[in-house]
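These notes concern the structure reproduced below.
The values are calculated or read from the model by the stated rules, or taken from the named source; none is laboratory data. Since we're looking at a predicted model, the values are computed, not measured. FYI the Cβ positions are ideal-geometry reconstructions off the backbone, even for glycines, and counts take in every protein chain you see. Side chains are part of the model used for accessible areas, which takes the heavy atoms of the whole protein and leaves out ligands, DNA and RNA. Shrake-Rupley method; radii C 1.70, N 1.55, O 1.52, S 1.80 Å.
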Amino acid sequence: MIEFYLNGQPEKLDRADPNMSILDWLRTKKRLSGTKEGCASGDCGACTVLIGSPSADGGLHYTAINSCISLVGSLHGKHLISVDALQDENAHPVQAAMVECSGSQCGFCTPGFIMSMVGLHQQVVGKGNASEHQMMEALAGNLCRCTGYRPIIEAGRRTLVDAVQHWDGAALFEPAPAEQFATTRSTAASLEDDEGKRFDAPVELSELRSLLAANPDARLVAGSTDLALEITQQLKVLPQLISLEQIAELHAVECNEKNLTIGSAATYSEFGATLSADWPAFAPMLERLGSLQIRNRGTLGGNIGNASPIGDMPPPLIALGADIQLDSANGERWIALQDFFVDYKKTVLAPGEFIRAVRVPRPQANEKLFLYKISKRLDDDISAVLGAFWLQFDGDTVSDCRLAFGGMAGIPKRAAGAEAALRGARFDETAVAAAQAALATDFTPLSDVRASASYRSTVAGNLLLRALYEFRAGDAGKAQLMVTDYA
């Protein structure tokens, strides 16, 4: 059974299809039709809802998510708010502004835009105004065919940036004492349907190990931002799901003098600021990793375990020399992340084994990380090429380096020949030209819908030259160049 709140009212589910999305549950089981399905892949934002989870201060922290790719089992111990709840209260300031600014035409996408802005409103109300950047980040995961965005952005400015207005219905966001949520969340949950499909959400690592040992073919799920696409796009039936979301250790983000260790179930929103504080090159890249809704659900372990050659996190982590911790009933082991990937979509994970944590070295003197994502559009797109270059300098000489690429091979991979060309050389055009030439032997990229092989090869070489120019220009030059990071 799972327990949660829906729009301020308690809910309990005992028998339900574990493959069902929150969106489908809202629309087909609760007959709440305000939340819309536009793409069923987490791209358009029409299905945006808010999820409240217990926070460190004893209250509830609300984030916007895509309900079309979030499974109903993930609601355990949380508070789900859909746009339908706003119809029972005085108009939210965001709703009023959308009307006044003519921010809706056909209206299909409007619930998603409203929920994205209401989520930001809830986070900043009583704490000061949101920034223009925060507002645009909140809206970047919502698409509209009709309005041209100007009136929607104007509604956001009016209610979030210029002034954050009080809302009389704010009690909706506190349906029950936070202690009750914490207690519910600390208990294991499960769902099963009449066909025997099952969802288990353990709360202890020992329970997870036992479940996986007994069900080695079960699929692990955390944020489900990729796994759910198998259900919604490929129409697969996943008979056994084991969730990592309830296990506190897997959300831990810990620092010591040498390393930053990130739990595999930590979301981008949970670990992004800490990782970016150590390695600032991550900050602009993480803002382009999916949408805010995706970053609120997607996890580090999921991005790695997916083993996609165009996943955004593996190349920079490989470039930094990160290690990965694997865990099972048979024990734990640490391996270099670069050794985790074997072939396209294949890893060294043994049956019953799961990713527990990633250990990232903290920056030392004379080290620099250059990180570039090349995609067809700036926001919410998958990489055609991703280049991540860790260089250690002795003056202008490259004393050591690791160059990792995504989109250039069947796995995220280091460029051994290019590294050899740079290592020990003065970082200048001559060394970069030698490294560019070596890339031809390091990789034989494929052509696909995102880019041709020749384009990928050319771009990969150009990114090395760009790193040289940024190294010479310093941070000011980097800030100017970052806005052109798309094909």
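Summary table
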| quantity | calculated |
| --- | --- |
| Lone qualifier among 22, 69 - being over 17 Å from residue 83 (Cβ atoms), β-branched (Val, Ile, Thr) and in contact with a Leu (Cβ under 9 Å, 6 or more places away or on another chain) | 69 |
| Conditions (1) under 30 Å from residue 363 (Cβ atoms); (2) open to solvent by 20 Å² or more (accessible area, probe 1.4 Å): number failed by residue 272 | (2) |
| Scan of the stretch 281-300 for residues that are closer than 21 Å to residue 369 by Cβ and assigned to a helix (DSSP H, G or I), ordered by number | 282, 283, 284, 285, 286, 287, 295, 300 |
| Condition met for residue 194 (over 16 Å from residue 76 (Cα atoms), open to solvent by 20 Å² or more (accessible area, probe 1.4 Å) and touching a residue at least 60 places away in the same chain (Cβ under 8 Å)) | yes |
| Subset tally (residues that are of a type in the set (Gly, Ala, Ser), within 27 Å of residue 390 (Cβ to Cβ) and either modelled with pLDDT under 95 or outside any helix (DSSP H, G or I) (or both)) for the stretch 445-463 | 1 |
| Some residue of the stretch 305-312 being part of a helix (DSSP H, G or I) and modelled with pLDDT under 95 | no |
| Selection count, the stretch 202-236, where residues are of a type outside the set (Asp, Glu) and farther than 26 Å from residue 141 by Cβ | 14 |
| When residues of the stretch 308-347 are limited to those that are open to solvent by 70 Å² or more (accessible area, probe 1.4 Å) and within 17 Å of residue 263 (Cα to Cα), the one nearest to the chain's Cα centre (by Cα) | 334 |
| Residues within the stretch 392-418 that are farther than 18 Å from residue 367 by Cα, touching a Ser or Thr at 6+ places or on another chain (Cβ under 7 Å) and open to solvent by 20 Å² or more (accessible area, probe 1.4 Å), tallied | 1 |
| Complete set of residues in the stretch 419-446 that are under 30 Å from the mean Cα position of the chain (by Cα) and open to solvent by less than 80 Å² (accessible area, probe 1.4 Å) | 419, 439, 442, 443, 445 |
| Positions within the stretch 214-258 being over 16 Å from the mean Cα position of the chain (by Cα), buried (at least 19 other Cβ atoms within 10 Å of the Cβ) and in a strand (DSSP E or B), in sequence order | 220, 241, 242, 243 |
| Any chance residue 210 is open to solvent by 70 Å² or more (accessible area, probe 1.4 Å), outside any loop (DSSP other than H, G, I, E, B) and not assigned by the TED database to the domain that holds residue 264 | yes |
| Residues that are of a type in the set (Asp, Glu) and not in a strand (DSSP E or B), drawn from the stretch 320-345 | 339 |
| Looking only at the stretch 63-92, and only at residues there that are among the hydroxyl-bearing types (Ser, Thr, Tyr) and buried (at least 24 other Cβ atoms within 10 Å of the Cβ), the one that is farthest from residue 17 (Cα to Cα) | 82 |
| Residue within the stretch 35-54 that is more than 27 Å from residue 379 (Cα to Cα), crowded, with 18+ Cβ neighbours inside 10 Å and not polar (S, T, N, Q) present | yes |
| Condition check for residue 388: in contact (Cβ under 8 Å) with a residue 24 or more places away in the chain and in the same structural domain as residue 260 (by the TED database) | no |
| Residues of the stretch 423-441 that turn out to be assigned to a helix (DSSP H, G or I) and either out of contact with any Asp or Glu (no Cβ under 9 Å at 6 or more places or on another chain) or outside the structural domain of residue 398 (by the TED database) (or both), as a count | 11 |
| Test: residue in the stretch 284-293 that is more than 28 Å from residue 46 (Cβ to Cβ) and buried (at least 16 other Cβ atoms within 10 Å of the Cβ) | no |
| Among the candidates 218, 178, 188, residue that is closer than 25 Å to residue 119 by Cα and touching a residue at least 12 places away in the same chain (Cβ under 8 Å) | 178 |
| Among residues of the stretch 259-280, those that are in contact with a strand residue (DSSP E or B) (Cβ under 8 Å, 6 or more places away or on another chain), in a helix (DSSP H, G or I) and polar (S, T, N, Q), counted | 2 |
